[in-house]
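Note sheet for the following structure.
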Amino acid sequence: MNRSANLDVLLQARPPSPVREVRDDRFERHGVRLVLKRDDLVHPELPGNKWRKLAPNLRVAVAGGYPGLVTFGGAYSNHLRATAAAGRLLGMATVGVVRGDELAGRPLNDSLARCAADGMRLHFVSRSEYRRKAEHGMRAGLLAAAGAGDAYVIPEGGSNAPALSGCAELGRELRGAADVVAVACGTGGTLAGLAAGLGPDQRAVGVPVLAGGFLEAEIRSLQREAFGGPAGDWTLAEGFHHGGYARVPAELDDFAAGFEARHGVPVERVYVAKLLWALTELTAAGAFPRGTTLAAVVTGAPDPCPGPAPADPSR
């Protein structure tokens with residue numbers, strides 16, 4: 001089967017991911033109705049926003065006749081794993097430029113081992129080089145050194161103009177389903193596209209999982225690239241990162257386990273747990289008027305590759 005046929009199978013029409021109401025007194029006592037957009041169920045190997053971002057990029061790569069895919073990420077990057085899986089499903093070569101040359105020659109962690117098992121060739125670079133990867137000359141040198149100079153480039157986290165078009169479809173699926181739609185944010189691409197796809201009477205709330213306060217400018221830049229300017233009504237709810245990316249203190253883990261027990265929904269800890277925690281706190285603080293239907297986007301499933309994850313926004 002050729003790549004175009006593989007792509008047709010991979011991207012075959014799928015029904016919108018389900019929207020499920022959950023009865024939770026922490027919301028109901030404030031007159032807020034909570035629903036979950038189960039985007040973790042959208043694809044078995046490319047769940048949630050990974051599917052939304054990768055699908056349009058894969059179309060571009062196949063249509064353009066690129067020989068392979070290259071992308072960037074840290075040692076525990078979900079995005080690297082999703083790209084590697086997509087390459088395997090398409091029969092397309094993949095290269096992962098991995099932050100941290102000190103990892104070269106060491107045994108691979110579970111996450112990178114999964115990438116390698118799916119056929120991804122891993123190229124380790126120094127952290128200083130990785131920080132400069134967006135610079136034109138530096139990126140060209142990194143790609144050449146990785147032997148991927150002619151590959152289709154997907155940015156760290158998968159957030160670019162094609163990805164935003166896929167995330168805008170998520171917004172369109174939620175039209176009429178909620179007044180406020182909330183999503184956890186890493187690189188900001190999902191929120192940027194989601195907000196553009198919502199209806200004029202809806203607004204989006206992003207919950208950053210990293211400290212730093214840099215996302216607003218990044219989201220505006222992504223929307224200019226994808227849509228020519230600002231799109232949709234969106235805000236950021238800062239202060240719920242729980243110490244930084246991939247930090248899951250015991251209190252947050254207990255909260256996520258309690259939500260799972262109450263509602264039978266698996267809660268991914270790095271993004272989704274922080275989102276649900278934030279919405280619980282914001283609701284208690286009166287951020288949403290009584291009568292609001294609040295949708296929380298479940299962007300992924302619990303990590304199948306356990307292990308301590310360092311700070312890594314490329315997941």
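Here are some notes:
- Residues of the range 151-161 satisfying the condition of being open to solvent by 10 Å² or more (accessible area, probe 1.4 Å) and assigned to a helix (DSSP H, G or I): 156, 161
- Looking across the range 273-286, the residues that are on the phi < 0 side of the Ramachandran plot and in contact (Cβ under 8 Å) with a residue 24 or more places away in the chain come down to 273, 274, 275, 277, 278, 279, 280, 281, 282, 283, 284.
- Out of 67, 44, 16, sole residue that is more than 14 Å from the chain's Cα centre (by Cα) and under 30 Å from residue 282 (Cα atoms): 16
- Within the range 229-262, considering residues that are open to solvent by less than 20 Å² (accessible area, probe 1.4 Å) and modelled with pLDDT of 95 or more, the one nearest to the chain's Cα centre (by Cα): 237
- Comparison of 191, 164 shows that the only residue that is assigned to a helix (DSSP H, G or I), more than 20 Å from residue 59 (Cβ to Cβ), touching a residue at least 12 places away in the same chain (Cβ under 8 Å) and not aromatic (Phe, Trp, Tyr) is 191.
- Qualifying residue in the range 109-121 (condition: buried (at least 21 other Cβ atoms within 10 Å of the Cβ), under 29 Å from residue 8 (Cβ atoms) and modelled with pLDDT of 95 or more): yes
- Failed condition for residue 148, given (1) touching a residue at least 24 places away in the same chain (Cβ under 8 Å); (2) surrounded by fewer than 19 Cβ atoms within 10 Å (Cβ to Cβ); (3) more than 23 Å from residue 186 (Cα to Cα): (2)
- Restricted to strands (runs of 3 or more DSSP E) entirely inside the range 1-78, those with at least 2 residues that are at pLDDT 90 or above and open to solvent by 10 Å² or more (accessible area, probe 1.4 Å) are 19-22.
- Residues that are part of a loop (DSSP other than H, G, I, E, B) and closer than 21 Å to residue 55 by Cβ within the range 194-239 comprise 198, 231, 232, listed in sequence order.
The values are calculated or read from the model by the stated rules, or taken from the named source; none is laboratory data. The structure presented is a predicted model; accordingly, all values stated were derived computationally and were not measured. Glycine also receives a Cβ, built like all others from the backbone with ideal geometry; neighbour counts cover every protein chain displayed. Just the protein is used for accessible areas: all its heavy atoms, side chains included, with ligands, DNA and RNA removed. Shrake-Rupley method; radii C 1.70, N 1.55, O 1.52, S 1.80 Å.
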